[in-house]
Structures are given as structure tokens and as C-alpha cells.
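Peer 1: Sharing a structure below in C-alpha cells format, with a few things to ask.
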Amino acid sequence: MKDEQKGKREKILKGIPASPGIAMGGAYLFTKEMPRFEERAIGSDDVRLEIDRLTRAMEKSAKELSKILLFAQQKVGDSKAKIFEAQVMVLEDPVLIDAIRKRITKERKNAEFIVADEIGKYAHLMLAAHSEYMHERAHDMEDLRNRIVRNLQQEKLISKLDGSVIVVAHTLTPADTMILSRNHILGYATDLGGITSHAALFSRSLKIPAVVGLGDVSREVQTGDHIIIDGYGGTIVVHPTVERIKEYEEKREHMAEFESQLVHLKDLPAETLDGHPVELSANIELTEELEYVVLQGSQGVGLYRTESLLIGRDDFPSEEEQYIEYKRIADRIFPHRVIMRTFDIGGDKIVPDMADEANPFLGWRGVRVCFDRPELFMNQLRSILRASTRKNISIMFPMVTTVGEVHRAKTFVQKAKAELQAKKIKFDDHLPIGVMIEVPAAALTAAQIAAEVDFLSIGSNDLTQYLLAVDRGNSLVSSLYHEFEPSVLMTIKHVINAGHKQGIWVGICGEMAGNPLATALLLGLGMDELSVVPAILPEIKKIIRSLKFSDMQEVARTALSYGSRSEIETYLATFFKKEFPDIPLDSL
Amino acid sequence: MVEREVTIKNKFGLHTRPASLLVKVASRFKADFYICKDGMEINGKSIIGVMTLAAEQGVTLLLRFDGEDESDACNAVADLFERGFDE
């Protein structure tokens, strides 16, 4: 209200919803400028004092960092906490410390200047290297330099915030997110970042609403501004009007009420009113999500994105590391099933050491990378097989284009099995093998592929993007991306029929699976399994349990009879509003 | 003084983990240890220095040791490269 009186206009910014929830409060603009200091000459009598000051600042920095490391290990797990190790190691680098001390003594300059200059030299060299990995390490070094300089000046740490705030930043490093999370943070909003960025992953594990990829939120917002963050819809409202605040308070209440209504569904099966069973499972990225998935009443994991193991590290995890991670997931989800998708790297997925490609989505990604890096692929297959002794793991291959690739991938599995057998290591010899259908060529030849595997899972995001020749990330054409295009629905229908003719089940694990508008349509087309983001699972279960299978088939028939996506969408929305007037549609 | 040429075999080069292993092993010896790459010379007992080399797979480095236990140090460090840092 105050803002309005001062004449500040309400502004709405759209980004990517990274972690669900709604929060309102004061913004805290987190900027990462280097602390200011001057280059200062010191007298020969002061050298001793200056070095003492340096020692204390280094000790303080080491204490802070070890706290962050510990906090990170507790909050997000050992594997992700590794990101901080480089900084800790460098802080203890005897050669570096010695060089800084000697320069202070010899050049008689203040510690701030020497520290910044000495570490800056290295950061500069790292930035000159042509690798994303080295650039990240350079930022680590800048972080470290700023920390020491700040401690030399005994400035207050940004980690001590007054009250509860919504943090707004250009981008957040894992260290930033961790340090800030020691305060009561209501939400995170950043200019950069995708759904898999560090800030997004961490805020989901910490259950704090977050919106990323906002473009210029850090320029639009100043510390103290009143803002609303909507992690369901991916929206930020700056200087909200009284009406807007009321609207979001209602939405928050509504969501809370709706979420509490869904709790009793947890232990009920996902089946239609007339008893048609549906497999409803969850997509996961992190082992930290496991408890949430179980709590949401999932019947299993329909897509475990194994490439998330690579986030925040510069090498590939060893067979043993992978085995431990896979086993933990299989054990927790047992007696249900976990479908492990082999590394889907390339495209827009994070990976160390990848080639520069003009057209990454048509490039080196998914199973193509695995074939070219057989040692990596074999490592992963052996770890998955070793974790499969409870017989609840399936393997799925991403980005398959031809039936020849299916043969090739299966040969790798055979080889991995033979190696384990030779070592007398146990595994599930009948472990089901499936393929993601996301390339149009694979969809067209689904019958031949289905003859070779135990299941098919439709990756609707990529399938839609490839079918419509639209890059979703390109704002010039992204409005053309739509999963209710008749061509997309016809392709899905074709894949389902091809699978069923071969007697195997067909599922879907893209965003479409979790779109409440699509539930009746997909199941009506004959989809056997829906794998959705954990947050939406209870809502989808409610929809499934409220409809008859015969009605869903009618919905599918009607939808396919329309010639345009706008007609299909209008029809589905009308049907949905009629059947589920109390389900909030913009909760996605 | 002893010198030895080594080639980086492990796939991701001298990233954080092998760099720290290299520094740890080298620091067990008294001999000074320098690594040369493309005219750049860094102290091999400094983690920040070793990381800065950004030495990737296939790159050849010149190791130089100087001190009483220089040949033992040289053998121990060269062995790490030979084993691909056990990666």
C-alpha cells in the first residue's frame, strides 16, 4: 500500500517456476560486487600487524567455509557439498599464503590489495581457459577472494539478514544459496538459471519457493521493495496492488486447503471410478526428493534422471558411487518400481567437458554420447545392474532414434551382465529394458522398437519440440510450442497402439503427463502409466479417481476429432472446469 | 635436479580431485617441485597453481624436482600420472 502511495507501479515478471509455494515480503537484493578497498602503503613497523590481520582473516574465512561445508552436507548431501571443497583447499594452500605474506613484507602494501591481486591473477588465468569448468572455478576463486577481503575489513557478512526476506539476485552460486539459507528466507528469485540450476535444486530440497530465469528481476527490484513470489506459476509481482496481494493470499490459502484435501489420497490406488488401474509414478532428480515422493503417495519412480548425479561436479561418478546412489533409491521405493534413465547429457543438460555445438538439440546427446563413451556407459550399466537385486529396477535409454540403436544399447547391457557374472556379482537377470520415445523417427518406427523392449515411455517435451520444429527456449518461436497440437496427439496415439500390439506397456514422463488438462485424454488414448513431478501427483490421482475410463475414452475420441490445437484446448478446458470446478488450473 | 615429461591420461585432466592428490603427494617430499606447461611454470605444491594449469587429457607437462629427495619425489609424482590418478 505504501508503495502505491509513493506512486510505484505494479510490475509482473514471468520466469520459470523452480520450487512450488507462494511467499510475500520484503526483497533483499543480493549483489556480488567485490568489497571496496584502497591500495595503501604501510610502514615497515606495520608489516607485522598487517600479517597478523591477514592471518586472522584467513582463519575466520576457514571457519566460515567449514561451517558452510558442514551445513551443505547436512542439507543437500555429500555429493553436492563437494562444490565447496575447492575453496576450502585453496584457503589452506601453503604456497599461496606464503606468497601473499612475502609480498606484504616486500612491497609494503595493505593485505586487501595483495590478497585481491594475488588470487585475482589465478582467477584471471582460469577465466582465460576455454572450459565451463575452469570458469566455474574462477568464480569460486573470486568468491574466496571477496570472503578474505571482507574478513580483513571485518565487514558484516551478508549471511546475517534482518528478518525474513525474499532474495533477489542475478544468479546464485551454490555457496550463496547455502549461506543465505541459514537465515529465514521466504523465497528466491533470479535473473538466470533453469529448472536444473543449483539455486533451483537447492530451494526444492529446502522447500522454499523459487522462480528462476526471470531475465532482469535484479534490475527491477531494490532491497526493501514489497514483492510476491509465486513458485507455482513462476511469477514475481513487484509493488503489488492491494487487490493483487488479496488475490495471492487467496491463492495461497486455496492451495493450502487443496493440498490438505489431497492428503487422504496418499494410500489409495490410482484407478478410475470403474476400476481401470493406472500406474501413477513420479519423476525425480535428486535422492533428497525420495521422502517427498513417498509422502505424496507415488507408486514408484517413472523417471529417475541419473544425469543429476553430474551436477556440480567435474568428473563422472565412479561405479561404486553410482551403485550406492541407485541402491538407496531402489531400497526406498521398494516394493514399487524405479525406472532409471541412463545419462541424458547434451542438449540443454548440464555436463562437464562437452563439445561446442551450433545445434545441441540435434547433436551429441542421450544415448549417442553413451555409445561414443563406452567406458562411461558400461560403468553406469554395471552400477544399475548391481543395484537391481530386489528386482524393482528398469533401465530406460534416452534419445533413441533407430531400432539399430536399441540393439546396440542392449548389447551393452548384455556385456555388462557378462562382466558381473564373471565376477559372480548378483543382479536381476530379467531387468526390464525400455526406450524413451522422443525423436519423431522413433515414434514412427515404434512398432519395430516395441518388438525389442519391455516398455516405451514418451518424452513429450522433446517429442513435441522435434515434431513441431520449435525450440522452446527460443522466445521468437516458443509460443508455437504446444503439446495439444493434433500432430502431437496423433503421434502419441500411434506409439500407444504400436506398444500394445506388441503386448508391452506404454507410459509418458514429460510435462504433459502432469498437466491436469491432459490426464483424461492420455488415459483415454490407452496410456498405461503417467510419471509426473512429485508436487502435482496427488492432484492427478484425484482426477484419475473421479472419472470413468469409458468417459476418458470419449474425451480422447472427441479431442482427436478436432483439427486445431485451439479447439482441442478449449474442449479439454471446458471438460475440466465442468468436472473439477474446485481444482485450481493455474497451480502448475 | 631431475626432470620428467608426463602425459595426462585421465579423462578430465587435472581437475580438483587429481590436483589435490598431486599436491598431497608432492608435499610429502622436501624437494621443490615445479610444473611447466606452455612456458608457464607453477609451484606443484600449490593447489591454486595446479588448478590454474587447466591441463586436460593428452597434455604433456614437464615436472622438475630439486632437493635431496628429488628422485623419490619424481618417481612418486610420475607414478600418479602413469596411473591416471586412479580415475
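The values are calculated or read from the model by the stated rules, or taken from the named source; none is laboratory data. The structure displayed is predicted, hence computed values, not measured ones. Methodologically, a virtual Cβ is constructed for each residue, glycine included, from the backbone with ideal geometry; neighbour enumeration extends over all protein chains shown.
Peer 1: Just to be sure before I move on: is B:Gly49 free of Cβ contacts under 8 Å to residues at least 60 places away in the same chain, within 14 Å of chain A (Cβ to nearest Cβ) and part of a helix (DSSP H, G or I) in the structure I sent?
Peer 2: yes
Peer 1: Restricting to segment B:1-53, name every residue that is more than 16 Å from B:Phe85 (Cα to Cα), surrounded by fewer than 24 Cβ atoms within 10 Å (Cβ to Cβ) and aromatic (Phe, Trp, Tyr).
Peer 2: Correct list: B:Phe29, B:Tyr34.
Peer 1: Could I ask something else about it? Looking at (1) under 27 Å from the mean Cα position of the chain (by Cα); (2) within 24 Å of A:Leu523 (Cα to Cα); (3) not polar (S, T, N, Q), can you tell me which one A:Ala446 breaks?
Peer 2: A:Ala446 satisfies all of (1) under 27 Å from the mean Cα position of the chain (by Cα); (2) within 24 Å of A:Leu523 (Cα to Cα); (3) not polar (S, T, N, Q) except (1).
Peer 1: Among the residues that make up segment A:71-78, is at least one of them more than 14 Å from chain B (Cβ to nearest Cβ), in contact with a helix residue (DSSP H, G or I) (Cβ under 9 Å, 6 or more places away or on another chain), of a type in the set (Phe, Trp, Tyr) and in a helix (DSSP H, G or I)?
Peer 2: For segment A:71-78, residues more than 14 Å from chain B (Cβ to nearest Cβ), in contact with a helix residue (DSSP H, G or I) (Cβ under 9 Å, 6 or more places away or on another chain), of a type in the set (Phe, Trp, Tyr) and in a helix (DSSP H, G or I): present.
Peer 1: Now for a different question. Kindly list the number of the only condition in (1) at pLDDT below 80; (2) more than 27 Å from B:Leu22 (Cβ to Cβ); (3) of a type outside the set (S, T, N, Q) that fails for A:Ile12.
Peer 2: Only one criterion in (1) at pLDDT below 80; (2) more than 27 Å from B:Leu22 (Cβ to Cβ); (3) of a type outside the set (S, T, N, Q) is unmet by A:Ile12, namely (1).
Peer 1: Which pairs turn up if I take residues in segment A:425-437 that are in contact (Cβ under 8 Å) with a residue 40 or more places away in the chain and look for partners that are assigned to a loop (DSSP other than H, G, I, E, B) and among the aliphatic types (A, V, I, L, M) with beta carbon separation below 8 Å, at least 6 apart in sequence or on another chain?
Peer 2: As it stands, the answer is A:Gly434/A:Val453; A:Met436/A:Met399; A:Met436/A:Val400; A:Ile437/A:Val400, since those pairs meet every condition given.
Peer 1: Related question: Do we find that B:Val59 is farther than 24 Å from A:His135 by Cα and surrounded by fewer than 21 Cβ atoms within 10 Å (Cβ to Cβ) in this structure?
Peer 2: no
Peer 1: Filter segment B:56-87 for residues that are within 13 Å of another protein chain (Cβ to nearest Cβ) and touching a Lys or Arg at 6+ places or on another chain (Cβ under 6 Å) and give the result.
Peer 2: Matches in segment B:56-87: B:Gln57, B:Gly84.
Peer 1: Test A:His130 against the criterion of being modelled with pLDDT under 85, surrounded by fewer than 16 Cβ atoms within 10 Å (Cβ to Cβ), assigned to a helix (DSSP H, G or I) and within 14 Å of another protein chain (Cβ to nearest Cβ), and give yes or no.
Peer 2: Taking the combined requirement at face value, the residue does not satisfy it.
Peer 1: Same structure again: Does A:Glu288 satisfy being out of contact with any Ser or Thr (no Cβ under 8 Å at 6 or more places or on another chain) and either at pLDDT 90 or above or surrounded by 17 or more Cβ atoms within 10 Å (Cβ to Cβ) (or both)?
Peer 2: no
Peer 1: List the strands (runs of 3 or more DSSP E) inside segment A:204-300, counting only whole elements, that have at least 1 residues being in the same structural domain as A:Ala513 (by TED's automatic domain parsing) and in contact (Cβ under 8 Å) with a residue 40 or more places away in the chain.
Peer 2: It comes to A:279-284.
Peer 1: I've got another one for you. Consider only pairs whose beta carbons are under 7 Å apart and that are at least six residues apart or on different chains; among these, list those whose first residue lies in segment A:357-369 and is in the same structural domain as A:Gly346 (by TED's automatic domain parsing) and whose second residue is at pLDDT 80 or above and not in a loop (DSSP other than H, G, I, E, B).
Peer 2: Partner pairs satisfying both residue conditions: A:Val367/A:Phe397; A:Val367/A:Glu405; A:Val367/A:Ala409.
Peer 1: Within segment A:424-455, work out how many residues are surrounded by fewer than 18 Cβ atoms within 10 Å (Cβ to Cβ), of a type in the set (A, V, I, L, M, F, W, C) and not in a loop (DSSP other than H, G, I, E, B).
Peer 2: 4
Peer 1: Do we find a residue being within 23 Å of A:Cys509 (Cβ to Cβ) and either loosely packed, with under 14 Cβ neighbours inside 10 Å or not basic (Lys, Arg) (or both) anywhere in segment A:249-256?
Peer 2: no
Peer 1: Let me ask you something else. Under the condition of being part of a loop (DSSP other than H, G, I, E, B) and under 23 Å from A:Ile119 (Cβ atoms), which residue from segment B:25-46 is nearest to the chain's Cα centre (by Cα)?
Peer 2: Top of the filtered list is B:Gly44.
Peer 1: (1) under 27 Å from A:Pro317 (Cβ atoms); (2) within 13 Å of another protein chain (Cβ to nearest Cβ); (3) of a type in the set (A, V, I, L, M, F, W, C): which one isn't true of B:Phe33, the others all being true?
Peer 2: Unmet condition: (1).
Peer 1: Restricting to segment A:88-117, and then to whatever is in contact with a strand residue (DSSP E or B) (Cβ under 8 Å, 6 or more places away or on another chain) and assigned to a helix (DSSP H, G or I), can you tell me which residue is farthest from the other protein chains (Cβ to nearest Cβ)?
Peer 2: Top of the filtered list is A:Arg103.
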